[in-house]
1. Using amide H atoms built 1.01 Å from N in the peptide plane, name the residues 5+ places from residue 169, or on other chains, whose amide H lies under 5 Å from its own.
2. Could you sort out which of 84/105; 35/102; 87/112 sit more than 28 Å apart by Cα distance in this structure?
3. Once you order the gyration tensor axes a ≥ b ≥ c over the Cα atoms, which shape class does segment 145-205 get: rounded for a/c under 1.5, otherwise prolate or oblate by comparing a/b with b/c?
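Please treat every number below as a calculation from the coordinates, not as lab data. In this text the structure is predicted, and so the values were computed from the model without any measurement.
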Amino acid sequence: MWKDMEECQNKLSLTGTETLTDLNAKLSLLIMQVKCLTAELSQWQKKTPEIIPLTEDVLLTLGKEEFQKLRHDLEMVLSTMESKNEKLKEDLERIFNELKTKLLKVKEYKEKLLITLGEFLEDHFPLPDGSVKKKKKNIQESPVQLITLHEMLEILINRLFDVPHDPYVKISDSFWPPYVELLLRNGIALRHPEDPTQVRLEAFHQ
């Protein structure tokens, strides 16, 4: 079971770092290309073309061959811009599909890891029974339903990935204190430096 967990964790780490980093680099390059084309288009739009009256003298001066060359050049510029835009659109769509596929694989690895972890925790870290909850005779039993260590870890994991800028979770009455101390003592969770009632999961993936 531990081997399966380690294999899932390794695949998750590789998929979530190397692959996503490579995709981010490609995406950044495409964004730079889009910005360059946008800037070039903006410059052309700001320019006011000089309209030459097509009088008989101008037509005689311009000549038929030069007129056709000018028309051909303008058509080539238009065709090039359209081709670049189409290629950028295809590249962005392809990278989006690749990223979507990789994220689905990451989700599958994460689900498999959580299932394996849950089976292990349920077998070795069950909820405390009544004798463990009440060590003193006159202490009233708390009406709060305690959650398992597996559920505590799921809450911390989801918070870490869903809100990475604020991964701390408030320690509620449903968190059994011995399990909280177990996570803190083994470096799996960290206490908030300013608020001891909040904890977060250690960011092992970073």
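1. 199, 200
2. 84/105; 87/112
3. Verdict is rounded for segment 145-205.
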